[in-house]
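Please read the structure below before turning to the comments.
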Amino acid sequence: METDTATIRVARYRPEKSEKPYFQEYKVPYRKDTVVLDALNQVKAEQDGTLAYRWSCRMGVCGSCGANVNGVPKLTCATFLHEFKGKSLTIEPLANFPVIKDLVVNIDDFMEKLLKVKPWIIRDKQSPPEEGEYKQSGKELDRYAQFSSCINCLLCYAACPIYGLNEDFLGPAATALAYRYIADSRDQGKKARFPIVHDLEGVWECTLIGECSVVCPKGVDPMLAIQKTKILGAMEAPKTMLSPETLKAILPRGGE
Amino acid sequence: MSTKKTHYPEIPRKNLGPGWWLANRHYTVYMIRELTSFFVTAFSLIYIYQVYRLASNPGTYSQYLDTVRSPAMISFSIVALGFTLFHSVTWFYLIGKIQPIKIGRKKTSPLLALGINTVFLVIISFAVLQLFIVGK
Ligand code: FES
């Protein structure tokens, strides 16, 4: 296979050496099947061992290799170098996150949000194993299947201007996962998740920009999950508004 | 032996600046879509006000005609029409994205929603026009 050379511009941040981030250029050989992650690996192995970035599976499954490639959030293991032939190629850490080192970002904020939406099946009462599994039809599976493909790569957070403007926004992936469970016929955790997804910083912050769904490498449509969650919430609203708890909270209470 | 860990500062998260919507084409189209609401609202308010004035004082009809025929009002209407069409088209498309209909195993494309809604828009606009012409 024919080999070419590309120049990649990589954002560097090495707090132990300098407080200021800077860009560094490397020349890397590439073939038709070389991805950006291969280029980074080549640099680390052959040219500059100090370069830091995350990766694991090299096949679009683990979600750890995200970076902004020419300003667009991408999995570096699924982005081919030849696509940028004749163009400059700049690799930066995912936008909207603090940077720990070079391309490594701090994702604590997302990890907290992920836990908050309780991404597991909640049952009012667990039935004993002897009673067998909770059955589900193909149709019921269809309702949430795509949302279960999320690999938490956080490209959607890097692409979302709402999250870029407001760090407290629950954001695309966490909501997609919340909806994945809300829409699961075996789940009974709506009550526990609704206050979180319908919080002031929840789904209602989303103004349908839709870039999360554009950049998702797994074909998940977080924007759709957010809108579906809005619809479910709106349908529940009259019920919650007239619930004894709400009425008790808002009605004047005699001599109290 | 003790090992001391040094913690280095992180680059704090950068909040987006006011020009964020120029960073990519999708963001810009989104911003234009949001901006069009201003023209839709402004046109509706002006129109409602004019109808209200006409209803409360039918004698002002010739005055009303003068206003709508003024170059300023015509230019505003043309701009408002352009933006309103853009507004409708983008929202029709979004309806299809948010509520795709399943036919068999396949989901309908948002373009279908755009098409159907546009046809309805044309039919309804035509019907309204007919009503005015017949009413005259
Ligand atoms: S290395 Fe696992 S998704 Fe890219």
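The values are calculated or read from the model by the stated rules, or taken from the named source; none is laboratory data. No experiment lies behind these values; they were computed from the predicted model shown. As a convention, Cβ positions derive from the backbone with ideal geometry for all residues, glycine included, and neighbour counts pool all protein chains shown.
Among helices (runs of 4 or more DSSP H) entirely within region A:89-185, having at least 1 residues that are away from chain B (no Cβ under 14 Å) and farther than 29 Å from A:Thr7 by Cα singles out A:108-116, A:172-182.
With the structure loaded, tell me whether A:Ala11 is assigned by TED's automatic domain parsing to the domain that holds A:Val99, in a strand (DSSP E or B), under 18 Å from A:Leu94 (Cα atoms) and among the small types (Gly, Ala, Ser) or whether it fails that test.
yes
Restricting attention to region B:6-20, does a residue exist that is part of a helix (DSSP H, G or I) and more than 10 Å from chain A (Cβ to nearest Cβ)? Checked against the condition, which is being part of a helix (DSSP H, G or I) and more than 10 Å from chain A (Cβ to nearest Cβ), region B:6-20 yields no hits at all.
If the condition is being part of a helix (DSSP H, G or I) and either in contact with an Asp or Glu (Cβ under 6 Å, 6 or more places away or on another chain) or over 13 Å from A:Leu232 (Cβ atoms) (or both), then region A:197-215 contributes A:Glu205, A:Glu211, A:Cys212, A:Ser213, A:Val214, A:Val215. Considering only region A:57-83, state which residues are away from chain B (no Cβ under 14 Å), part of a loop (DSSP other than H, G, I, E, B) and of a type outside the set (Val, Ile, Thr). Across region A:57-83, the qualifying residues are A:Cys57, A:Arg58, A:Met59, A:Gly60, A:Cys62, A:Gly63, A:Ser64, A:Cys65.
Selection of region A:108-155 for residues being surrounded by fewer than 17 Cβ atoms within 10 Å (Cβ to Cβ) and of a type in the set (Asp, Glu) yields A:Asp108, A:Glu112, A:Asp124, A:Glu130, A:Glu131, A:Glu133, A:Glu140, A:Asp142.
To keep it simple, each residue is scored yes or no on (1) modelled with pLDDT of 90 or more; (2) within 18 Å of A:Arg180 (Cα to Cα); (3) within 14 Å of another protein chain (Cβ to nearest Cβ); (4) surrounded by 14 or more Cβ atoms within 10 Å (Cβ to Cβ).
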| site | (1), (2), (3), (4) |
| --- | --- |
| A:Gly202 | yes, yes, no, yes |
| A:Cys216 | yes, yes, yes, yes |
| A:Ala225 | yes, yes, yes, yes |
| A:Lys230 | yes, yes, yes, yes |
| A:Met241 | no, no, no, no |
| A:Ile250 | no, no, no, no |
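Scan region A:56-83 for residues that are over 14 Å from A:Leu155 (Cα atoms) and within 9 Å of the ligand (Cβ to nearest atom) and the total you get is 4.
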